[in-house]
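The values are calculated or read from the model by the stated rules, or taken from the named source; none is laboratory data. It should be emphasised that the depicted structure is a prediction, and the values quoted were computed from it without experimental measurement. Cβ sites come from the backbone with ideal geometry, for glycine too, and all protein chains shown count toward neighbours. Surface areas here come from the heavy atoms of the whole protein model, side chains and all, with no ligands, DNA or RNA. Shrake-Rupley method; radii C 1.70, N 1.55, O 1.52, S 1.80 Å.
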Amino acid sequence: MFYRSRMAKSSAIAALSLLVASSAAIPVSPPVQASATISEFSAPVDTASIVLFSDMRGHWASEYIDWAINERLVTGYDDGTFRPDRAINEAEYLALLLRAYGLAGQAQTGELWYKPYYSYARQHGWPLVFDINSGVFRRGEAARLLATAATGKALSETGAIQWLLDEEITNGRTAPTVQGFYAEGQLTRAEALTFIYRIKEHTSVLSANKLSSESNDSSLLNGIAIGDSADKLSFLLGKASRSDAADGDFTWQVYNANYDSFAMYGIRNNKVVGLFTNAVKQWQASENVYMGVTLSEARKALSGINGTETNDYYTYDKDGIATTLFIDRNNSDRIIGILQMRPSSLSQTSVANQTALQSSYEKQIMDLTNAERKRRGIDLLSWDTKAAAAARAHSKDMVDRSYFSHTDPDGRSPFDRLEDEGISYHYAAENIAAGHTNSIYAHFAWMNSASHRSNILHAKMTKLGTGVVFGGTYRIYYTQNFYKP
């Protein structure tokens, strides 16, 4: 840390703290997909309009599809086909179900077409996977949604399938059993319409019961959990402020429009594989483990789970997820940040990806700093391109000339470098770090050093520029330059 005030030009305060760490990483595995067709239902009535489609002659679901067309629930394609065996996603299925019962209105101008349907389902606490764009919606998921909507009960997937079998709404794929239902099969247009026809025969009105909503579930980070779809993320939180490269086979979706709820969500193959925040106090990584509790309280809540503690963080594995609790050693060892990821090794950072990572880390350091300040009621910092240029140049110089110091081999200080960029200041300070896995780990190392922490939380600072460069003895170097004009 280096700090200077020019309110009294003859005085200067200087201190140096070196932060060096080893590197580590965490990644994810891709989801499994399955598809299937079906011929498990008997026909309802004779049909006429179905002959309009070239691919519907002799199809097992012709009568159900004809019913849906006559009810104006669906139509065919411009090429004269209906494509009954095309996979259907949850959004389409949900829309068909609610239209069949005359529920939920139309989307407003400029609104996503499926928003009214998801809003209705969420208000009633129906189980949703938010499969909107991927086209991978399982029969088991469809059964659970259908049975819950009809009964108003919170059913498991197995329980929902059994209810459909008991009520003779389905006879299963190969046998009238849960296993014979083939829950892993991919739902098709024909299957969806058949399910809806049969539930309409069985139940004239869907249940009005409102089940417990996940909106108040503290185990979710702003409503999101690992394993949720990227579609759910964008539906609940809107478009991310930024999409950042990550040190693995995923990207960070960054939400920083409001630092009170600042969070990052790791996305791979349209699934959430990582969660991070140093702002959302109510999120519980595990029961009674959340920001603000002490490490000893967290470990007590995690009784029976063995973790690993370092100066800056405590890491443990539970339920297939690796959780890292970042510790504030300057405040009774309280948790001040939480990271969750899939517990497998992150891929090594490729040279081609380093430029994107440098930019991402620089922006993330800015976000992490402002989230800390916002939580404490300190004015936010604004990004400064000149300070960033000075910071990046210093990180590169430390790499190129193999040193780690605020003062370069030529004797030049952080303040000389700021002045070289044409910056005039009343206050200025610099933080440096090296070797930390990524921007998150570097940030919390700074927060556990009194001098670096004081720069991050300095109430008089108004500008910040950051610079990250890969290479050198410690693999990666970080610099923060703060100042007040």
Study note, to complete from the structure: Of the conditions (1) out of contact with any Gly (no Cβ under 9 Å at 6 or more places or on another chain); (2) of a type outside the set (Lys, Arg); (3) under 24 Å from residue 223 (Cα atoms), the single one that residue 317 does not satisfy is (1)
Check your understanding: What number of residues within segment 283-293 are crowded, with 19+ Cβ neighbours inside 10 Å and in a strand (DSSP E or B)?
Key -> 4
Exercise for review: Considering every residue within segment 322-345, establish whether at least one is open to solvent by 30 Å² or more (accessible area, probe 1.4 Å), over 20 Å from residue 441 (Cβ atoms) and either modelled with pLDDT of 95 or more or under 15 Å from the mean Cα position of the chain (by Cα) (or both).
Suggested key: yes
Review point. In this structure, is residue 432 hydrophobic (A, V, I, L, M, F, W, C), modelled with pLDDT of 95 or more and part of a loop (DSSP other than H, G, I, E, B)?
Key: no
Practice item. Just need a number here: residues in segment 245-273 that are among the acidic types (Asp, Glu) and crowded, with 22+ Cβ neighbours inside 10 Å. Key: 1
Point to revise | Residue list for segment 132-151, restricted to those being open to solvent by 10 Å² or more (accessible area, probe 1.4 Å) and within 19 Å of residue 213 (Cα to Cα) | key: 141, 144, 150, 151
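One line per residue, one yes/no per condition, for (1) over 24 Å from residue 86 (Cβ atoms); (2) in a helix (DSSP H, G or I); (3) of a type in the set (D, E, K, R); (4) at pLDDT below 95:
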{"residue": "161", "(1), (2), (3), (4)": "no, yes, no, no"}
{"residue": "165", "(1), (2), (3), (4)": "yes, yes, no, no"}
{"residue": "174", "(1), (2), (3), (4)": "no, no, no, yes"}
{"residue": "193", "(1), (2), (3), (4)": "no, yes, no, no"}
{"residue": "200", "(1), (2), (3), (4)": "no, yes, yes, no"}
{"residue": "210", "(1), (2), (3), (4)": "yes, no, yes, yes"}
Exercise for review: Determine, yes or no, whether residue 111 is out of contact with any Phe, Trp or Tyr (no Cβ under 9 Å at 6 or more places or on another chain), at pLDDT 95 or above and either more than 22 Å from residue 206 (Cα to Cα) or not polar (S, T, N, Q) (or both).
Suggested key: no
Point to revise | Condition met for residue 299 (farther than 26 Å from residue 252 by Cα and either surrounded by 16 or more Cβ atoms within 10 Å (Cβ to Cβ) or touching a Pro at 6+ places or on another chain (Cβ under 8 Å) (or both)) | key: yes
Check your understanding: What is the one condition in (1) among the β-branched types (Val, Ile, Thr); (2) assigned to a loop (DSSP other than H, G, I, E, B); (3) without any contact (Cβ under 8 Å) to a residue 40 or more places away in the chain that residue 267 does not satisfy?
Key -> (2)
Review point. So residue 56 clears everything in (1) under 36 Å from the mean Cα position of the chain (by Cα); (2) assigned to a loop (DSSP other than H, G, I, E, B) except one condition, right? Which one?
Key: (1)
Revision key, fill the gap. Flagged in segment 68-109 as in contact (Cβ under 8 Å) with a residue 24 or more places away in the chain, open to solvent by 40 Å² or more (accessible area, probe 1.4 Å) and not in a loop (DSSP other than H, G, I, E, B), in numbering order, are 92, 99
Study note, to complete from the structure: Picked from segment 379-395 (must be open to solvent by less than 50 Å² (accessible area, probe 1.4 Å) and of a type outside the set (A, V, I, L, M)), the residue farthest from residue 432 (Cα to Cα) is 382
Revision key, fill the gap. For segment 421-443, pairs from a residue that is without any contact (Cβ under 8 Å) to a residue 40 or more places away in the chain to a residue that is open to solvent by 10 Å² or more (accessible area, probe 1.4 Å), with Cβ under 8 Å and 6 or more apart or across chains, are 421/386; 421/389; 422/386
Study note, to complete from the structure: Over segment 212-235, the set of residues of a type outside the set (A, V, I, L, M), open to solvent by less than 20 Å² (accessible area, probe 1.4 Å) and part of a helix (DSSP H, G or I) is 231, 232
Study note, to complete from the structure: residue 280 meets each of (1) out of contact with any Phe, Trp or Tyr (no Cβ under 8 Å at 6 or more places or on another chain); (2) modelled with pLDDT of 90 or more; (3) part of a loop (DSSP other than H, G, I, E, B); (4) of a type outside the set (Lys, Arg) with one exception, condition (1)
Study note, to complete from the structure: Within segment 57-66, the residues that are surrounded by 22 or more Cβ atoms within 10 Å (Cβ to Cβ), hydrophobic (A, V, I, L, M, F, W, C) and farther than 17 Å from residue 95 by Cβ are 61
